[in-house]
1. Test each condition in (1) surrounded by fewer than 16 Cβ atoms within 10 Å (Cβ to Cβ); (2) in a loop (DSSP other than H, G, I, E, B); (3) within 16 Å of the ligand (Cβ to nearest atom) for residue 271 and report the one that comes out false.
2. Restricting to the stretch 169-205, give me the number of residues that are on the phi > 0 side of the Ramachandran plot and either away from the ligand (no atom under 15 Å from the Cβ) or modelled with pLDDT of 95 or more (or both).
3. Regarding residue 265, is this residue part of a loop (DSSP other than H, G, I, E, B) and in contact (Cβ under 8 Å) with a residue 24 or more places away in the chain?
4. Closer than 30 Å to residue 50 by Cα and either away from the ligand (no atom under 13 Å from the Cβ) or surrounded by 18 or more Cβ atoms within 10 Å (Cβ to Cβ) (or both) - does that describe any residue in the stretch 255-268?
5. Which condition does residue 155 not pass, out of (1) buried (at least 16 other Cβ atoms within 10 Å of the Cβ); (2) modelled with pLDDT under 95; (3) away from the ligand (no atom under 14 Å from the Cβ); (4) assigned to a loop (DSSP other than H, G, I, E, B), if it passes all the others?
6. Pick from 295, 245: which is at negative phi, loosely packed, with under 15 Cβ neighbours inside 10 Å, modelled with pLDDT of 95 or more and in a loop (DSSP other than H, G, I, E, B)?
7. Please specify each residue of the stretch 206-242 satisfying the condition of being in a loop (DSSP other than H, G, I, E, B), within 16 Å of the ligand (Cβ to nearest atom) and either without any contact (Cβ under 8 Å) to a residue 24 or more places away in the chain or surrounded by fewer than 18 Cβ atoms within 10 Å (Cβ to Cβ) (or both).
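The values are calculated or read from the model by the stated rules, or taken from the named source; none is laboratory data. Everything quoted here is computed from the prediction, not taken from an experiment. Here the Cβ is made from the backbone with ideal geometry for all residues, glycine too, and neighbour counts use every protein chain on show.
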Ligand code: SF4
């Protein structure tokens, strides 16, 4: 058995499973990939978390379980129970949060103390989108409290549109900031603020390892996303081991063309109508996928990822 796991680990580099605990969020950020917001629906049950963790264990290569959203702390009881289960199963545990709950030092301590010693990475979203510039305190309060409790903590920041929206330009950004990618809500609300480039030049996916993913996301409905809104299977219908064993990137109706020639190849392969220019690779990819949802309903899902819920 141990030998089998070692072989799988060699052949399958998948080491991170990110659980979208909920699509709900207290914020409705313009740059959000997953259309998180107060009126979004879809939250993972503890039963589903348990089932997913069992599948992750069976795969034999997963090291990290992340809890994210939406905003995972909105469902605190489920989050804490899920963290405990993941830790008991031997995984390292991470959380991504906007830290809205860290209103005072005492409150932050109240939220974080029960998970101190269980969490190996607390990633805090802190930028002009998350709550705006007017209230920078909660992320700072959360970071300070996490450090006092010995929880490894870091900030995630997304730069303003146009700051660096091409691969290789990340070095122009302040340390710790990443560029806006124009998919999800960002495609609808932010893409029009930057100069476009000819659609034919988007000939690769620069951001995801689509052939041999190192981490994938699973949502409350079981959809396994290789990139947000591109499903490669459903964990509530088939086990993760089978999905990963049978995953053939070149045969996947969306990943195949992406590997062959990027978002531009999706347009060509399916003869899609298109604009002359797009803000970035993800903008063309996302728009093309929106146009193909009726044709590939099980792959380009769920409605939440496309702002249709
Ligand atoms: S190009 Fe498409 S698959 Fe690649 S990161 Fe952007 S949206 Fe995802």
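1. (3)
2. First, pick out the residues of the stretch 169-205 that are on the phi > 0 side of the Ramachandran plot: 176, 184.
Filter again for either away from the ligand (no atom under 15 Å from the Cβ) or modelled with pLDDT of 95 or more (or both), leaving 176.
So the answer is 1.
3. Values: part of a loop (DSSP other than H, G, I, E, B): no; in contact (Cβ under 8 Å) with a residue 24 or more places away in the chain: yes.
No; evaluated as a whole, the condition is false for this residue.
4. Yes.
5. (4)
6. On the way: 245 fails: in a loop (DSSP other than H, G, I, E, B).
Answer to the check: 295.
7. So the first thing to find is which residues in the stretch 206-242 are in a loop (DSSP other than H, G, I, E, B), and the list is 206-214, 219-222, 228-229, 235-239.
Now drop any that are not within 16 Å of the ligand (Cβ to nearest atom), which leaves 206-214, 219, 228-229.
Within the stretch 206-242, 206, 207, 208, 209, 211, 212, 214 meet the criteria.
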